[in-house]
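Okay, so here's the structure we're looking at.
The values are calculated or read from the model by the stated rules, or taken from the named source; none is laboratory data. Remember, it's a predicted structure, so these values are computed and weren't measured experimentally. Cβ atoms come from the backbone with ideal geometry, glycine included; neighbour counts cover every protein chain shown. Each accessible area value is taken on the protein alone, full model and side chains, heavy atoms only, with ligands, DNA and RNA left out. Shrake-Rupley method; radii C 1.70, N 1.55, O 1.52, S 1.80 Å.
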Amino acid sequence: MTGASPSERSQAASPSPAGAVVSHVADLTYRGYDGPLYARSFRWRVVALSILRSALRKPAFWLLAAASTIPHLFVVFQVFMSSLMPAGASRENPFLGSGVGSKYALYFHQAITSQSFFWLFLLALLVGAGSIAADNRANALLVYLSKPLTKTDYLVGKWAGLFATLALVTVGPALLLYVYCLFTFQSEGFLREEPLLIVRLLGAALVPPIVHASLLLGFSAWNRSPAVAGACYAGVYFVSFVAAMTAWGVLHRGDFAKGVLVRHLSVAGAIDGTVQNILGVGIRVMKWQRRQGPTWIELQPPDFAVVLLLALGLAVAGVVAARLRIRAVEVVRG
Amino acid sequence: MSVASVHNLTVRYGTKTALSDLTLEFPDGCVGLLGPNGAGKSTLLKTLLGFLCPSSGSGSVLGLDIQSQGLEIRRRVGLMPEQDCHIPGDTAVSFVAYAGELAGMPSRRAMSRAHEVLEYCGLGEARYRNVETYSTGMKQRIKLAQAIVHGPKLLFLDEPTNGLDPAGRTEMLRLIQDVSHGKGVSVIVSSHLLHDVETTCDRVVVLARGRVVREGLVRELRELQGRQIEVELHLPTPAFAERAPVHGLEIVREAAGRYRLRAPDDLPDPARAVFLTAREVGAQVRSLQPAQRSLQDVFMEAIE
């Protein structure tokens with residue numbers, strides 16, 4: 001129990017002013033709090049932990065988190081199949097051969113981008129759409145900001161909570177996949193050939209959580225309904241993706257390989273382009289030609305500086321948008 | 001000792017002036033902030049908390065400047081806002097503990113303290129229930145619980161009895177009275193319900209159109225100019241009102257057999273004058289007592 005003055009303690013067991021239960025055991029009188037208080041620098045962690053806790057309480061979170069490991073499991077299956085091939089045979093990805101670049105990094109690129117594009121996106125919507133919108137709707141910001149908490153503390157806490165929740169889902173399976181590959185390919189120079197893969201992998205796995213968390217905070221802050229915030233983000237995410245792909249298809253119909261940057265001028269594209277650069281891989285896409293049938297075209301990663309700037313720009317824009325909207329009281333100026 | 005004060009404070013929303021050149025001191029104890037809708041009560045509270053930036057003037061809360069020490073102020077102050085503020089799906093205990101943690105309490109202490117204050121607010125039995133299932137009265141109590149969880153020295157209560165039924169209102173007023181007397185907590189109650197302020201506060205400030213129009217101790221404000229008496233007759237008797245001036249009594253108000261009479265200072269025995277008047281017009285006096293103004297009278301006079 002917290003400290004109290006002797007005079008206050010002497011009032012123990014007196015009737016509660018609320019007139020509820022008169023207990024001989026519990027001290028129902030009001031007492032001040034004179035216990036320890038953490039410094040302000042700890043407050044954002046409280047907000048972050050609350051996001052994490054509330055996400056972990058949702059069954060849908062676990063369902064989507066489990067589902068988001070499907071791309072990794074598929075890669076494990078591929079690795080397992082390739083390990084069954086006779087020694088000396090090519091151990092390239094036996095399924096589609098969907099990449100160019102570092103041999104092992106390809107596996108991780110495939111897993112991370114597949115996860116990020118769909119499963120992680122859904123998970124981000126689940127956890128992030130209501131992160132600030134729910135507080136807006138419930139008028140909880142007034143209560144939270146009436147505590148010794150700045151808008152920046154609140155925002156940093158929300159961002160960190162959302163980022164940590166999503167990073168848990170991207171980094172965890174990626175590391176497990178890394179360990180699996182390490183054991184499978186150890187004798188084939190896994191560490192020798194790509195010694196920095198673990199660093200690249202961690203960097204790449206953190207890109208989708210950074211972009212999703214930042215943008216979702218922006219959308220969430222500007223809405224009072226989590227559903228509307230989620231719908232807006234989903235709209236921007238998919239519309240920008242379709243628009244970029246269409247522009248790429250139309251503008252570079254003759255030579256797809258030349259318009260790689262245009263292909264990545266979207267939220268999903270910026271994430272994928274940055275991940276490709278960090279992992280040092282490109283992709284192969286199928287082009288259908290009437291006379292020749294399907295042909296594979298190799299696409300090098302887009303310009304790193306541009307996609308990184310785009311991804312960071314999106315992230316910063318989301319956070320700034322959220323910062324502009326977070327306020328304890330609505331002020332209507334006449 | 002004053003817990004909050006403002007000097008020449010002006011707050012504007014664009015071209016609309018919400019508080020105009022306000023100078024005011026809130027002494028410790030329980031102070032009621034009265035005023036009609038739009039008088040500037042909530043604006044004043046939000047300015048004192050550092051949420052709104054004044055156009056001019058200055059202010060302090062517990063000796064801290066409202067413009068530069070907002071965080072320190074909010075560490076020592078609790079706010080019970082007017083509107084609901086609960087996150088759907090939360091239980092009362094987790095909501096209040098979270099509020100405590102935001103105030104800087106270690107999580108275990110915050111949880112233990114949340115149980116304490118919920119018990120104090122009469123929500124002990126319902127603390128694990130989803131807040132969405134709470135009645136309006138319970139929601140008001142949980143707002144009070146989150147405001148006091150970190151042991152503030154000053155409480156701002158914005159319309160604390162909004163939407164409560166008579167029983168719930170009585171309970172809430174009792175809580176406010178309890179917390180504001182002898183617990184080392186000062187309270188500023190913003191309300192437009194005069195009875196609430198009259199019941200809980202020692203002092204009132206009446207705001208209208210962003211200015212202070214009346215302030216003082218409740219008992220002083222209710223005191224009347226000159227000697228006034230309240231007389232109730234068995235039956236309404238118009239002749240009583242006509243005859244009273246003959247005995248030096250002035251009719252102040254008359255309604256359904258009830259008369260408020262003003263007696264001049266040189267009238268030695270106003271009660272005798274009342275009985276004489278009644279006997280002369282054949283009326284029966286049912287009650288006779290010194291008159292008191294209600295806070296409503298004070299309020300109406302102030303804002304008119």
So A:Phe183 passes all but one of these: (1) of a type in the set (A, V, I, L, M, F, W, C); (2) farther than 25 Å from A:Thr274 by Cα; (3) in contact (Cβ under 8 Å) with a residue 40 or more places away in the chain. Which condition number does it fail?
(3)
In segment B:198-211, is there at least one residue being over 17 Å from B:Ser294 (Cα atoms), assigned to a loop (DSSP other than H, G, I, E, B) and open to solvent by 60 Å² or more (accessible area, probe 1.4 Å)?
yes
Picking from A:Ile297, A:Ile210, which residue would you name as being closer than 25 Å to A:Val169 by Cα and in contact with a helix residue (DSSP H, G or I) (Cβ under 8 Å, 6 or more places away or on another chain)?
A:Ile210
Of the residues in segment A:29-71, those that are more than 10 Å from chain B (Cβ to nearest Cβ), of a type in the set (Phe, Trp, Tyr) and out of contact with any helix residue (DSSP H, G or I) (no Cβ under 7 Å at 6 or more places or on another chain) come to A:Trp62
Looking only at segment B:70-88, decide whether some residue is open to solvent by 40 Å² or more (accessible area, probe 1.4 Å), within 18 Å of A:Ala328 (Cα to Cα), within 7 Å of chain A (Cβ to nearest Cβ) and assigned to a helix (DSSP H, G or I).
yes
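Please work out if B:Ile176 is closer than 24 Å to A:Val143 by Cα and among the β-branched types (Val, Ile, Thr).
Here the answer is yes, as B:Ile176 does meet what is asked.
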First in segment B:107-120 and in contact (Cβ under 8 Å) with a residue 24 or more places away in the chain, second anywhere and of a type outside the set (Val, Ile, Thr) and open to solvent by 50 Å² or more (accessible area, probe 1.4 Å), Cβ under 6 Å, 6 or more apart
B:Leu118/B:Arg127
Please count how many residues of segment A:243-269 are closer than 18 Å to A:His212 by Cβ and either touching a Pro at 6+ places or on another chain (Cβ under 9 Å) or of a type in the set (A, V, I, L, M, F, W, C) (or both).
6
If a residue must be closer than 20 Å to A:Arg263 by Cα, in a loop (DSSP other than H, G, I, E, B) and open to solvent by 60 Å² or more (accessible area, probe 1.4 Å), how many such residues does segment A:290-310 contain?
2
Taking segment A:165-185 and keeping only residues that are open to solvent by 40 Å² or more (accessible area, probe 1.4 Å) and under 10 Å from the mean Cα position of the chain (by Cα), one is left with A:Leu168
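Quick test for you: out of B:Gly122, B:Gly57, pick the one residue that is within 24 Å of B:Ser191 (Cα to Cα) and among the small types (Gly, Ala, Ser).
Of the residues listed, the single one that is within 24 Å of B:Ser191 (Cα to Cα) and among the small types (Gly, Ala, Ser) is B:Gly122.
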It is to be established whether one or more residues within segment A:311-327 are part of a loop (DSSP other than H, G, I, E, B), open to solvent by 60 Å² or more (accessible area, probe 1.4 Å) and over 22 Å from A:Trp159 (Cβ atoms).
no
Could you go through segment A:211-223 and let me know if any residue there is of a type in the set (Phe, Trp, Tyr) and buried (at least 22 other Cβ atoms within 10 Å of the Cβ).
yes
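Looking at B:Val231, is it open to solvent by less than 70 Å² (accessible area, probe 1.4 Å) and at pLDDT 90 or above?
yes
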Of the candidates A:Arg290, A:Arg253, A:Arg284, the one satisfying the condition of being farther than 30 Å from A:Leu145 by Cα and in contact (Cβ under 8 Å) with a residue 60 or more places away in the chain is A:Arg284
First in segment A:229-242 and farther than 18 Å from A:Asp135 by Cβ and aromatic (Phe, Trp, Tyr), second anywhere and open to solvent by 50 Å² or more (accessible area, probe 1.4 Å) and modelled with pLDDT under 95, Cβ under 9 Å, 6 or more apart:
A:Phe241/A:Phe117
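Inspect all residues belonging to segment A:260-281 and state whether any of them is assigned to a strand (DSSP E or B) and within 27 Å of A:Ala174 (Cα to Cα). Step through it out loud before you land on a result.
So in segment A:260-281, the residues assigned to a strand (DSSP E or B) come out as A:281.
From the residues that got through so far, the ones that are within 27 Å of A:Ala174 (Cα to Cα) too are A:281.
Looking for residues that are assigned to a strand (DSSP E or B) and within 27 Å of A:Ala174 (Cα to Cα), one finds at least one in segment A:260-281, hence yes.
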Is it the case that segment A:156-177 has a residue that's in contact with a Phe, Trp or Tyr (Cβ under 8 Å, 6 or more places away or on another chain) and closer than 22 Å to A:Val329 by Cα?
yes
Return the total of residues in segment A:109-154 being among the aliphatic types (A, V, I, L, M), surrounded by fewer than 23 Cβ atoms within 10 Å (Cβ to Cβ) and within 14 Å of chain B (Cβ to nearest Cβ).
6
Among the candidates B:Arg222, B:Arg209, B:Arg174, which residue alone is of a type in the set (D, E, K, R), over 30 Å from B:Leu261 (Cα atoms) and touching a residue at least 40 places away in the same chain (Cβ under 8 Å)?
B:Arg209
Checking A:Glu193 against (1) surrounded by fewer than 24 Cβ atoms within 10 Å (Cβ to Cβ); (2) within 19 Å of the chain's Cα centre (by Cα), only one condition comes out false. Which one?
(2)
Given the conditions (1) crowded, with 18+ Cβ neighbours inside 10 Å; (2) without any contact (Cβ under 8 Å) to a residue 12 or more places away in the chain, which single one is not true for B:Asp269?
(1)
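Just one of B:Glu250, B:Glu254, B:Glu242, B:Glu280 is modelled with pLDDT of 90 or more, among the acidic types (Asp, Glu) and more than 30 Å from B:Asn37 (Cβ to Cβ); which is it? First the steps, then the outcome.
Working: B:Glu250 fails: modelled with pLDDT of 90 or more; B:Glu254 fails: modelled with pLDDT of 90 or more; B:Glu242 fails: modelled with pLDDT of 90 or more.
Unique residue meeting the criteria: B:Glu280.
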Has segment A:1-19 got any residue that is modelled with pLDDT under 55, among the β-branched types (Val, Ile, Thr) and surrounded by 14 or more Cβ atoms within 10 Å (Cβ to Cβ)?
yes
What is the number of the single condition among (1) open to solvent by 20 Å² or more (accessible area, probe 1.4 Å); (2) under 19 Å from the mean Cα position of the chain (by Cα) that A:Tyr233 does not meet?
(1)
